[in-house]
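Have a look at the structure below before the remarks.
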Amino acid sequence: MPRMIALVLLIVLVVSPVSAQAPITLAFATLDAGSAWYVYGATMAELLRRALPAGSNIDVKPFAGGVGNAKLVARNETPLALSFTVTNRWAFDGKEAYDTKLQNLRGLVGGLDTYYLVAVVQKKLAIDSLKDIKDKRLGVRVFTQPIGALGEFGGRQLLRAYGIAYADLKAWGGSTSHVGYNVIVDAFKDGRADLLLAVVTPRHPSVTELTTFSEVKFLAIEPDIIKALAPLGYTPATMAANTFKNQPEPVKTVGFPTVLITNQELPEAVAYTVTKTVVDNKDALVRGHAGLAQFDPITAWQPDKVGIPLHPGAERAYREKGWMK
C-alpha cells in the first residue's frame, strides 16, 4: 500500500499545474545590459513572474551570450537562457565553440526574431569590404562583445572566412577589444574604434545609438563568403534598408533566430508554463522590444527555429494549441 500511495503522489506531482506548486526562482542568462537580449529577458521575466506560483522570481543575468549561455544551461547554473539556432546545434553536437556534446539541452521557444552577422565600419576609413583589410594589411581597431557572446565568436569566424586572424590584425598594427556595448558605443563616438563585428537584431538599442551618433556604414558579405559560412549553420539573409539610422541600402549577410532554451532537469510543469506564457503574450513581448515583432508563436516549435530537441513540457504546450501534430 505505501508503494501505491507513493505512485499516486508522483503522478499528482507530474501532472499538477505549476500554479499549485511552491514559489520557484529561476536564473535566466541573457547578455550585457546594453543588449537586445537583456531587454528580451527582462520582458519575459515580468510575464513569468505573474504566471508562475506567487512569490516566484526570474533572476535575469547580464551574461554570457550566444556561446556561453548554452554552457551555463547545460551545467544547470541558469535553467533558462537565450541562445541561437546555430550555437544550439554546435553545443548539442560538441563542435565549433564547444569541445563537449551538451545533449541535455532542450528548446522551449524558437524563432523569436532574426539576428544578422554584421560588420560596421567608420566611414572615414573608406573600406568597402572586409577584403580590403587583408589586401591592404590595415591595422584596424576591432571591437566585439565579450568572449562567450556569438558576436565575438561569429565575428572571428567571419574574419577567418576572409583569411584574417586576430594575430594578423595585431601584426598589422591593429587591435581587438571584447567589451560590453556601453564601451563599444563610446569608443565609436570618441573615434577609438574602427570596426564592430556583431550579431544584431532590428532596433537593437546600442547599435541604433551607435549609428545615430557615429559616421559608420554596414559592409555587405560577398556571396563566396556567405557560401563558406553555410557549413557552420548560417543561412543567407538580407538586412532591409533603414533597419538602422543612416543605413539607406539593404545589407547582404547571414542570419539566424534567437531561441529560449533550458535543460532536461527543468520540471515539465515549469517548462510548460514558461513556454505557454511566452507564446501567449506576443503583444507584450513586442512592447518590450520591437525586435520581437516578427516572432510567430505558431511555428516556434519547428526544428529549424529551435536547433535542438524540444523539452517535453514545451511539446505539450504546442500540442495543446494544435500547432504541433
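See the values below:
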read-out: Matching residues in segment 91-119 - criterion: being under 21 Å from Thr238 (Cβ atoms), β-branched (Val, Ile, Thr) and surrounded by fewer than 24 Cβ atoms within 10 Å (Cβ to Cβ); value: Thr114
read-out: Residues satisfying the stated conditions in segment 250-264, i.e. in contact (Cβ under 8 Å) with a residue 24 or more places away in the chain and over 19 Å from the mean Cα position of the chain (by Cα); value: Val251, Lys252, Gln264
read-out: Condition met for Arg137 (touching a residue at least 12 places away in the same chain (Cβ under 8 Å) and not hydrophobic (A, V, I, L, M, F, W, C)); value: yes
read-out: Residue that is over 19 Å from the mean Cα position of the chain (by Cα), touching a residue at least 40 places away in the same chain (Cβ under 8 Å) and either farther than 25 Å from Leu285 by Cα or not assigned by TED's automatic domain parsing to the domain that holds Gly155 (or both), where the choices are Ser83, Ser56, Ser129; value: Ser129
read-out: Conditions (1) modelled with pLDDT under 95; (2) under 17 Å from Ile225 (Cβ atoms); (3) not polar (S, T, N, Q); number of the one not met by Lys131; value: (1)
read-out: Single residue of Lys189, Lys123 found to be in contact with an Asp or Glu (Cβ under 6 Å, 6 or more places away or on another chain) and closer than 19 Å to Phe244 by Cβ; value: Lys123
read-out: Residue in segment 291-298 that is assigned to a loop (DSSP other than H, G, I, E, B), crowded, with 16+ Cβ neighbours inside 10 Å and not hydrophobic (A, V, I, L, M, F, W, C) present; value: no
read-out: Where a residue in segment 40-51 is under 17 Å from Ala271 (Cβ atoms) and its partner, wherever it lies, is surrounded by fewer than 22 Cβ atoms within 10 Å (Cβ to Cβ) and hydroxyl-bearing (Ser, Thr, Tyr), with Cβ under 7 Å and at least six apart; value: Leu47/Thr277; Leu48/Thr277; Arg49/Ser56; Ala51/Thr277
read-out: Qualifying residue in segment 303-313 (condition: surrounded by 15 or more Cβ atoms within 10 Å (Cβ to Cβ), touching a Phe, Trp or Tyr at 6+ places or on another chain (Cβ under 8 Å) and in a helix (DSSP H, G or I)); value: yes
read-out: Residues satisfying the stated conditions in segment 90-119, i.e. out of contact with any Asp or Glu (no Cβ under 9 Å at 6 or more places or on another chain) and assigned to a helix (DSSP H, G or I); value: Ala91, Phe92, Asp93
read-out: Segments classed as strands (runs of 3 or more DSSP E), wholly inside segment 167-272, with at least 2 members that are buried (at least 23 other Cβ atoms within 10 Å of the Cβ) and in contact with a strand residue (DSSP E or B) (Cβ under 6 Å, 6 or more places away or on another chain); value: 195-200, 216-219, 251-256, 258-263
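The values are calculated or read from the model by the stated rules, or taken from the named source; none is laboratory data. Not measured: the values here are computed from a predicted model. Glycine gets a Cβ as well: all are built from the backbone with ideal geometry, and neighbour counts include every protein chain shown.
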